[in-house]
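One structure is given below, encoded as structure tokens.
The values are calculated or read from the model by the stated rules, or taken from the named source; none is laboratory data. Because the structure is a prediction, the values reported are computed rather than measured. Because the Cβ atoms are built from the backbone with ideal geometry, glycine has one as well, and the counts that use them run over all protein chains shown. Only protein heavy atoms, including side chains, enter the accessible area calculation; ligands, DNA and RNA are left aside. Shrake-Rupley method; radii C 1.70, N 1.55, O 1.52, S 1.80 Å.
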Amino acid sequence: MYDEAELVEAKRQIDSTLHKIREVVKTFEAKDEPSRVKSQLTLAKRRLKAGSGH
């Protein structure tokens, strides 16, 4: 199995990745023509949903 330090690091990495994806979503939503990045925006939102356990 994994020791506590490995699990803590894994959680830190996941939290970091989720933060980056949230920033991507903000960037895409702020675009003048968000429809141009619709598929990327959908993918990012799905990743957030999957990563947050909802």
(message) If I ignore ligands, DNA and RNA and count only protein heavy atoms, how much of L43 is accessible to a 1.4 Å probe, in Å² to the nearest 10?
(response) 80
(request) Have a look at L18, S35, L48 and report the one farthest towards the positive end of the charge dipole of the chain, computed about the Cα centre with Cβ charges (Lys/Arg +1, Asp/Glu -1). (result) S35
(request) Could you pull the accessible area for I14 with a 1.4 Å probe, rounded to 10 Å²? (result) 90
(message) If you count only protein heavy atoms and use a 1.4 Å probe, how large is the accessible surface of E4, to the nearest 10 Å²?
(response) 140
(message) Just to confirm the number: angle between the C-alpha axis of helix 38-52 and the first principal axis of the chain, 0 to 90 degrees, nearest 10?
(response) 30
(message) Could you tell me the calculated FRET efficiency between A30 and M1, based on Cβ-Cβ distance and R0 = 35 angstrom, to the nearest 0.05?
(response) 0.25
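Students sometimes get this wrong: rank T17, T42 by accessible area, probe 1.4 Å, all chains present, largest first. Could the numbers behind the result be given before it?
Numbers: T17 70, T42 50 Å².
The residues order as T17, T42, largest area first.
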(request) Read through the labelled values [x] 19, 37, 30, 12, 2, 0; [y] 24, 47, 25, 4; [z] 24, 40, 23, 10, 3 and report the label of the one computed as P(r) over Cα pairs in 10 Å bins from 0, in percent from the structure. (result) [z]
(request) Please work out the FRET efficiency for the pair S39 and E9, using the Cβ-Cβ distance as r and a Förster radius of 35 Å; give the result to the nearest 0.05. (result) 0.65
(message) Quick check: the angle from helix 4-30's long axis to the longest principal axis of the chain, C-alpha only, nearest 10 degrees?
(response) 10
(message) Once you place label points 7 Å from the Cα toward the Cβ at T17 and S52, how far apart are they in nm?
(response) 1.7
